[in-house]
Amino acid sequence: MELVQIQRSLVDYTKSLFMEGFLDAQFLQLQQLQDDSNPDFVFEVVSLFFEDSEKLLNELIIALDQPNVDFKKIDSHVHQLKGSSSSIGAQRVKNACIAFRNYCDVQNIEGCLTCLQQVKQECYLVKNKFETLFRLEQQIMASGGSVPTIELGF
Amino acid sequence: MSGNGASSSSLNMISGEDVVNNNLSALVVDDSPLLRLLHDIHLKKYGLKVQVAENGKVAVDLFHLGASFDLVLMDKEMPVMNGVEATKELRAMGVTSMIVGVTSKDGPGEQQAFMEAGLDYCFEKPLTPEIISFLLEELNKHNNKN
């Protein structure tokens with residue numbers, strides 16, 4: 001595929017992630033922080049997020065499987081996941097965490113279990129989206145091109 | 001400096017290029033490696049020298065060892081020593097750095113308790129370029145007065 005076509009695909013793909021709610025403006029802020037002195041910044045931050053989220057999701061599975069569920073502990077884990085998802089602009093993960101915390105507040109186990117599945121699903125989906133995004137960026141770089149930036153207000 | 005819990009909606013929007021600082025230092029206190037990296041890079045882009053600490057106790061220990069920072073970004077929820085305790089301890093030590101609380105969206109009561117610990121400002125994480133510009137502008141004003 002020609003370089004221009006790949007660049008166009010990347011722009012269209014990134015826009016679709018915003019339109020579908022996977023990403024919000026915070027992701028653009030991340031991209032703006034990346035420069036020649038930190039060329040892999042976005043990849044590093046996103047990778048940290050997925051390391052974090054995997055640990056937190058495992059903690060949540062264990063915590064919700066206890067005979068006496070500690071809702072404060074669960075809320076703390078979800079709070080952390082909400083914070084980190086918000087920081088990378090993973091909007092749907094963030095929103096799923098907000099719903100999860102509401103069920104923690106009222107100590108509704110069934111609600112929490114449903115939300116856990118929802119959060120896991122959203123993390124899985126956005127991870128796939130990021131993998132595609134980074135793959136397109138790598139193709140552009142390998143072809144000697146530059147990664148186009150997306151402006152808010154498209 | 002007195003805390004006033006400025007909200008981002010009341011900030012003057014200043015271009016980041018106007019507030020590049022080569023002689024200011026910052027300490028980012030957060031138990032999340034992701035947030036530490038994010039705020040570290042963000043502040044460095046504005047020319048600050050940045051150190052990081054993974055909890056309140058590490059931050060307090062740094063000050064006990066004689067370190068000083070113009071700006072402290074203090075997360076609220078941290079293990080070992082949380083942001084509220086760390087802020088109280090720093091103020092009790094006589095630390096006059098600008099301490100800015102950085103929280104996930106908490107109830108108003110919780111933010112109030114954090115402010116009362118001795119913060120100058122409290123914002124929701126992650127900090128935006130506009131908020132960082134505002135903080136640096138305030139820091140510059142404060143330093144120019146002194």
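The values are calculated or read from the model by the stated rules, or taken from the named source; none is laboratory data. Being a predicted model, the structure only gives us computed values, none of them experimental. Every residue, glycine among them, receives a Cβ derived from its backbone with ideal geometry; neighbour counts consider all protein chains shown.
Only one residue in B:LYS45, B:LYS76, B:LYS88 is under 24 Å from A:LEU33 (Cβ atoms), free of Cβ contacts under 8 Å to residues at least 60 places away in the same chain and more than 12 Å from the chain's Cα centre (by Cα). Which one? Even if it seems obvious, please write down each step before you answer.
Numbers: B:LYS76 fails: more than 12 Å from the chain's Cα centre (by Cα); B:LYS88 fails: under 24 Å from A:LEU33 (Cβ atoms).
Being under 24 Å from A:LEU33 (Cβ atoms), free of Cβ contacts under 8 Å to residues at least 60 places away in the same chain and more than 12 Å from the chain's Cα centre (by Cα) holds for just one of B:LYS45, B:LYS76, B:LYS88, which is B:LYS45.
Could you pull out the residue among B:ASP31, B:ASP70 that is touching a residue at least 40 places away in the same chain (Cβ under 8 Å) and within 9 Å of chain A (Cβ to nearest Cβ)?
On the way: B:ASP70 fails: within 9 Å of chain A (Cβ to nearest Cβ).
On inspection, the qualifying residue turns out to be B:ASP31.
Being at pLDDT below 95, surrounded by 18 or more Cβ atoms within 10 Å (Cβ to Cβ) and within 21 Å of A:GLY144 (Cβ to Cβ) is the requirement here; does A:GLN7 meet it? Give the derivation first.
Values: at pLDDT below 95: yes; surrounded by 18 or more Cβ atoms within 10 Å (Cβ to Cβ): yes; within 21 Å of A:GLY144 (Cβ to Cβ): yes.
Criteria met by A:GLN7.
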Do you know which of the residues in the range B:111-130 that are within 11 Å of another protein chain (Cβ to nearest Cβ) and more than 28 Å from B:LEU65 (Cβ to Cβ) is surrounded by the most Cβ atoms within 10 Å (Cβ to Cβ)? B:PRO126
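Which fully enclosed helices (runs of 4 or more DSSP H) of the range B:48-122 have 1 or more residues being modelled with pLDDT under 95?
Details: elements: B:56-64, B:83-92, B:108-116.
In the range B:48-122, the matching helices (runs of 4 or more DSSP H) lie at B:108-116.
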Restricting the range A:15-43 to residues that are farther than 27 Å from A:LEU116 by Cβ and among the acidic types (Asp, Glu), which is nearest to the other protein chains (Cβ to nearest Cβ)? A:ASP35
Does the range A:107-117 contain any residue that is under 12 Å from the mean Cα position of the chain (by Cα), in a helix (DSSP H, G or I), at negative phi and away from chain B (no Cβ under 14 Å)? no
